[in-house]
Each structure stands twice: as C-alpha cells, then as structure tokens.
Amino acid sequence: MVAENNTETDVIGNLERVRGELIAAANEAGRDPDSVTLVAVSKTHKPGAIRPVLQAGHRVFGENRVQESEGKWPGLKSEFPDTQLHLIGPLQSNKVRNAVALFDVIETVDRAKLARALARIMDETGRRPDCMIQINTGEEEQKAGISPLQADEFINLCIEELGLPVRGLMCIPPLDDEPSLHFALLAEIAKRNGLKKLSMGMSADYQAAVRLGATHVRVGTAIFGARQPFTG
Ligand SMILES: *Cc1c(COP(=O)(O)O)cnc(C)c1O
C-alpha cells in the first residue's frame, strides 16, 4: 500500500512498514537484516518531505539528478551531517566534479569515459566516494549500464587500472521481465569478481531482491508516495 500524499505520518508509516518487510525478508532468507541497507529514494521530493524521514532517524538516501540534489541536499546534509547520499541516476561527464563533491556513493558508473573522469577528479580532490558499477542486465538499448558480457573487463579497468573504490554492482531490470533473473545474474557477476555490494530492488520487488542477496534496495514510491514532476 502506497500513501496518496506526502503528509508526515504517511511517509513515516511507510518507512516503518518497508523497514519491517525488509527485516522479515532478510530473516526468511537466513540473512542478517543489518546486511541490507534501505536507500530511501527522494528524487522529485522537496526538503520539506525529506526532513521528517531524517528526523525519524533514517540516513541513507538516493537521488537521480546531480543538479536537483545540489539544490536540496547541502542544506539537509548540514542539518544531518551523517547522511549518506547515493547517486542512482546517469552521471554526465561535465557533472562529475559536482557529483564527487556531494555524493557519498556513486552507483551508476557505466562507461569508461565516466570511470576515467571519476578517477581523475578523485585524485585531484582527494574525495573518494564509494562506487558501484551499473550493469545493463537486460541488455536494453535505451538503458545505461555495462553489458554483462563486458562486465568483468570493465570492473577490472575500474579497479586495477584506475584505482576506483568499486564496492559492488547495481542494476535496474527491464520493466516487463521477471526481476529475479536479473538479480541472480547481478549476484553472479559480483561473486566472480569478488565484489560484496549489490544494489538491486525497488518498490515493486525489494523483497525478491533481498532473497537474492541485495545489500542495498532503492525504494522511492513505497516510502514517499507517487512522484510529481520536480519543479524546484
Ligand atoms: C526512481 C528510482 C528508484 C525508486 O523507484 P521506486 O519504484 O519509486 O521505488 C530506484 N532506482 C532507481 C535507479 C531510480 O531511478
């Protein structure tokens, strides 16, 4: 059940429910619930809708646009300094410097040019947000991410040649496909490359993702309710 609007009670109730379901899914899978991090996806939502979630103690958030995040998060981060902000949307090369400055995790490393720019800016600034590599598990033409067939080579480039702090993989399964197949594929690619973190699962399928080893689930609608186009 998803809230119709963003009143404080609804969002906090939703947050508690999602947390409870994550714990139950982890327990059912024989996993430690603490091994699954809930990334609350706050894209399009204004600071006024996000602050109550911070006040309720939640600290891990996901945003998909650098520019939108720069308008919202510096203020919220200064109020709640231990916040962990994840970039979960495509990163353009000309926004890399800003992204490295603001985000704590960049989940969408998806091409060599971007990986090289990240390495250069990290070396220059000394700030090194954790990275995840986005895998296009469904090999969809319109979707960002490295093809599963090129994943091993790309991971090797990022870690061995560029020295990026790569912690894991992320995927966004095709809309009309059984997500579990994609979650299993992502887990397999991570395992054979010695990577521990798996960012997979959104509002519709986070329980399945936890069963298949997700360490991060990215949940927006089930917490904040339906999204309006961002106008801030
Ligand atoms: C928006 C978004 C989400 C959250 O989707 P919901 O269905 O609202 O939970 C998760 N991951 C990515 C990459 C997104 O862009």
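Observations on the model:
- Those residues of region 117-131 which are crowded, with 17+ Cβ neighbours inside 10 Å and touching a helix residue (DSSP H, G or I) at 6+ places or on another chain (Cβ under 9 Å), in sequence order: Ala117, Leu118, Ala119, Ile121, Met122, Pro129, Cys131
Yes/no per residue for (1) on the phi > 0 side of the Ramachandran plot; (2) touching a strand residue (DSSP E or B) at 6+ places or on another chain (Cβ under 6 Å); (3) among the charged types (D, E, K, R):
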{"residue": "Ser78", "(1), (2), (3)": "no, no, no"}
{"residue": "His86", "(1), (2), (3)": "no, yes, no"}
{"residue": "Phe103", "(1), (2), (3)": "no, yes, no"}
{"residue": "Asp110", "(1), (2), (3)": "no, yes, yes"}
{"residue": "Thr125", "(1), (2), (3)": "no, no, no"}
{"residue": "Gly138", "(1), (2), (3)": "no, no, no"}
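- Listing of helices (runs of 4 or more DSSP H) fully contained in region 156-232 that carry 1 or more residues being more than 15 Å from the ligand (Cβ to nearest atom): 179-192, 206-211
- Residue count for region 72-88, restricted to those that are among the small types (Gly, Ala, Ser) and either within 19 Å of Ala151 (Cα to Cα) or open to solvent by 70 Å² or more (accessible area, probe 1.4 Å) (or both): 1
- Per the listing Gln142, Gln150, Gln134, Gln228, the residue uniquely polar (S, T, N, Q), open to solvent by less than 60 Å² (accessible area, probe 1.4 Å) and either out of contact with any Ser or Thr (no Cβ under 7 Å at 6 or more places or on another chain) or under 29 Å from Ile50 (Cβ atoms) (or both) is Gln134.
- Out of Gly57, Gly138, sole residue that is in a loop (DSSP other than H, G, I, E, B), at pLDDT 95 or above and within 27 Å of Gly13 (Cβ to Cβ): Gly57
- The residues in region 59-76 that are touching a helix residue (DSSP H, G or I) at 6+ places or on another chain (Cβ under 8 Å) and either closer than 19 Å to Asp130 by Cβ or free of Cβ contacts under 8 Å to residues at least 40 places away in the same chain (or both) can be counted, and the count is 10.
- Test: residue in region 92-104 that is open to solvent by less than 70 Å² (accessible area, probe 1.4 Å) and touching a Gly at 6+ places or on another chain (Cβ under 9 Å): no
- Answer from Val53, Val60, Val41 - the residue that is within 24 Å of Asp205 (Cα to Cα), surrounded by fewer than 18 Cβ atoms within 10 Å (Cβ to Cβ) and either within 15 Å of the ligand (Cβ to nearest atom) or within 16 Å of the chain's Cα centre (by Cα) (or both): Val60
The values are calculated or read from the model by the stated rules, or taken from the named source; none is laboratory data. Note that this is a predicted model, so its numbers are computed, not measured. Every residue, glycine as well, gets a Cβ built from its backbone with ideal geometry; the counts of neighbours run over all protein chains shown. The protein model used for the area step is the full one, side chains on, heavy atoms only, and it has no ligands, DNA or RNA in it. Shrake-Rupley method; radii C 1.70, N 1.55, O 1.52, S 1.80 Å.
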